[in-house]
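Taking it in order: structure first as structure tokens, then the write-up.
Just so you know, all these numbers are worked out from the coordinates, no wet-lab data involved. Keep in mind that this is a model prediction, so the values were computed, not measured. No Cβ is skipped: glycine too gets one built from the backbone with ideal geometry, and neighbour counts run over all protein chains shown.
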Amino acid sequence: MTTEISQRHAINAMADAEACLHDGGVLLVPTDTVYGLVVLPTMPLSVARLFAIKSRPGSVNLPIMVADVAQLEALGVDVSLPARKLLQSEFVPGALTLVFGINANTAPDWLKQRKEIAVRIPDDDFLLELIGRTGPVLATSANRHGFDTPALIIDILDQLEMQPDLAIDGGSVDTVPSTLVNCNVEPVAIERIGVVPESEIDRVLNGQ
């Protein structure tokens, strides 16, 4: 399979990206952190292909990207006080991924089997518009499972086990992931240090 490559600044890039997702495709797209692989969560075959492309174990759940807090709340998440502080900080939208518990009574069907989810609102105009059009997406770093994420499209495509359907080329993209904070445990736990340093997380949580 040959991946179609579109330049991010191309007039039809947004329409092509949206069509790819609605057609059940796997999209490779630059984010405000690393390149990501994206699918619609309501399409099981697309989700299965994403796992295969990354050689990712099926037992490892995929993170979610949303366009705003309204989309986040529609997922049926339990927003604790620490989570709300972080959501209201200068790091959202941005390189901060938060883990929430799920209320199965209000979660969409595709989330009802999960006990918690990792969600991020990216600080990227292209992604925010795309997710605003499509609704929440499953999104994960564009790398083979266990490997670092390359900065360039050509290196990503060479590393992956299989090929995505469409790649949006944004040139060289940072290779530092988002900081991951688990707000579904007490006390809150920083599970991955990325763009946002631990000291800044502590400052927000402690009201400094």
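Highest-first packing order for the peptide set 102-114, 123-135 is 123-135, 102-114, based on the mean count of other beta carbon atoms within 10 Å. Relative to the Cα centre, the charge distribution of the stretch 152-208, modelled as +1 at Lys and Arg Cβ and -1 at Asp and Glu Cβ, gives a dipole magnitude of about 240 debye. Would you work out which of 113, 28, 88 lies farthest towards the positive end of the dipole of the chain, given +1 charges on the beta-carbon of Lys and Arg and -1 on that of Asp and Glu, about the Cα centre? Highest projection toward the positive end goes to 113. Rounded to the nearest 5, the antiparallel percentage of DSSP beta bridges internal to the stretch 47-178 is 80%. Peptides 7-14, 25-32 ranked from most to least packed give 25-32, 7-14, packing being the mean of other C-beta atoms within 10 angstrom over each peptide's residues. The Cα center of the stretch 1-69 and the Cα center of the stretch 76-114 differ in position by 21 Å.
Charge dipole (Cα centre; +1 on Lys/Arg Cβ, -1 on Asp/Glu Cβ; no other charges) of the chain amounts to roughly 620 debye. The Cα atoms of the stretch 51-133 give a gyration tensor whose axes a ≥ b ≥ c have a/c of 1.5 or more with a/b no greater than b/c, which makes the shape oblate.
Selection among 50, 154, 177 by position relative to the dipole of the chain gives 50 as farthest towards the positive end (Cβ unit charges, Cα centre). Once you reduce the stretch 125-143 and the stretch 165-182 to the center of their Cα atoms, the two points are 11 Å from each other.
Compute the FRET efficiency between residue 8 and residue 186 as 1/(1 + (r/R0)^6), taking r as their Cβ-Cβ distance and R0 = 41 Å, and round to the nearest 0.05. FRET efficiency, residue 8 to residue 186: 0.50.
Note on residue 202 and residue 159: the model spin-label points, each 7 Å out from Cα along the C-beta direction, lie 3.1 nm apart.
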